[in-house]
Amino acid sequence: MRKIFTIGFTKMTAEEFFTCLENNFVKKVVDVRLYNKSQLLGFTKFPDIEFFLRTISKIDYFHDLQFAPSERILDSYKKKFINWEEYEEAFAALMATRDIDDYILKNYAQEENFCLLCTEVSPENCHRRLVAEKIAEVLGDVKIIHL
């Protein structure tokens, strides 16, 4: 069975983050954040994260904006104009407009042991969980593991 991991880096040290990925034999980190270049992202700021993953852990990195929320959806949620349930609905509609099922089949059908990276500590109210569930739905025979 193929594994898809998810991880939120907030409240993790760099040592905890890289050790966790290595211990789970992650081959690639797929960054699903809309923004990956802010100074506030610490060791996960691009291009540093790509260098660190490759050099420290021999893990590939890819920033996949097809799995990122739109700025409108993200801002609406952060500013509390919409609740989590509304966010989930808006995000699902956005994924549908991107033909995400076909995109997943074309780009992830052969991938194994990759990890979706986002910011939130917990996956419950993070879109990385929604992305992982969508990938599992499309590909089948997938175990989702939240790190």
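The values are calculated or read from the model by the stated rules, or taken from the named source; none is laboratory data. Model, not experiment: these values are computed from the prediction. All Cβ positions, glycine included, derive from the backbone under ideal geometry; neighbour counts span all protein chains shown. Note: accessible area is taken over every heavy atom of the protein model, side chains too, but ligands, DNA and RNA are not part of it. Shrake-Rupley method; radii C 1.70, N 1.55, O 1.52, S 1.80 Å.
Return the equivalent ellipsoid semi-axes of the range 61-100 as a descending list in whole Å, where each equals the square root of 5 times an eigenvalue of the C-alpha gyration tensor.
After diagonalising the Cα gyration tensor, the semi-axes are 19, 13, 7 Å.
Report the number of Lys pairs in the chain whose alpha-carbons are under 18 Å apart, with separation of 8 or more residues or on distinct chains.
Here the count comes out as 16.
Send over the per residue convex hull volume for the range 74-147, Cα only, as a whole number of Å³.
Dividing the Cα hull volume of the range 74-147 by its residues yields 96 Å³.
Once you keep just the Cα pairs under 8 angstrom separated by 6 or more residues, what percentage relative contact order results for the chain?
Over the chain, the number comes to 46 percent.
Quick one: accessible area per residue over the range 2-147, 1.4 Å probe, rounded to a whole number of Å²?
On a per-residue basis, 54 Å².
Loop only per DSSP, at most 12 neighbouring Cβ atoms within 10 Å: give me the GluC sites (Glu not before Pro) in the range 67-147, ordered by residue number. Present the calculation step by step, with values, prior to reporting the outcome.
Details: sites: Glu71, Glu85, Glu86, Glu88, Glu89, Glu111, Glu112, Glu120, Glu124, Glu133, Glu137; in loops: Glu111, Glu112, Glu120, Glu124.
Of the GluC sites (Glu not before Pro), the ones in loops of the range 67-147 whose Cβ has at most 12 other Cβ atoms within 10 Å are Glu124.
With a 1.4 Å probe and all protein chains kept in place, how much accessible area does Cys20 have, in Å² rounded to the nearest 10?
Result for Cys20: roughly 30 Å² accessible.
Provide the per-residue ³J(HN,Hα) series for the range 8-14, in order, calculated from phi with Karplus coefficients 6.51, -1.76, 1.60 and θ = phi - 60°, each as a whole number of Hz, with x at glycine and proline positions.
So the Karplus estimates, Gly and Pro as x, are x, 7, 4, 6, 10, 7, 4 Hz.
Could you bin all the Cα-Cα distances of the chain into 5 Å bins starting at 0 and give me the percent of pairs in each, rounded to whole numbers?
Taking all Cα pairs of the chain, the binned fractions are 2, 10, 20, 24, 21, 14, 8, 2, 0 percent.
Suppose only helical runs count, i.e. DSSP H with n ≥ 4. What mean residue ellipticity at 222 nm does that imply for the chain under -39500 (n - 2.57) per run, divided by all residues and rounded to the nearest 500 deg cm²/dmol?
-11500 deg cm²/dmol
I'd like the carbon and sulfur percentage of the solvent accessible area for the chain, probe radius 1.4 Å, heavy atoms only, ligands and nucleic acids excluded.
52
When the chain is modelled as a GNM with alpha-carbon springs shorter than 10 Å, which of Asp60, Asp31, Asp99 fluctuates the most?
Asp99
I want the local charge near Ile104. Using Cβ-Cβ distances under 15 Å, sum +1 for each Lys or Arg and -1 for each Asp or Glu among the other residues.
The answer is -3.
Which cross-chain or sequence-distant (5 or more) residues have an amide H under 5 Å from the amide H of Val29, H modelled 1.01 Å from N in plane?
Asp60, Tyr61, Phe62, Cys115
Amide H to amide H under 5 Å from Ile145: which residues, 5+ apart in sequence or cross-chain, H placed 1.01 Å off N in plane?
Residues meeting the criterion, in which the H sits 1.01 Å from N, are Ile4, Phe5, Thr6.
Show Leu65, Leu53 ordered by accessible area, largest first, where the area counts protein heavy atoms only and the probe is 1.4 Å.
Leu65, Leu53
Computed FRET efficiency, Cβ-Cβ of Thr97 and Lys3, R0 35 Å: what is it to the nearest 0.05?
The value I calculate is 0.80.
Would you mind estimating how fast the range 9-74 diffuses translationally, via Stokes-Einstein at 37 °C and 0.692 mPa s with the Kirkwood radius over Cα pairs, in µm²/s? Walk me through the numbers before you get to the answer.
Numbers: Rh = 12.4 Å.
Answer, rounded: 264 µm²/s.
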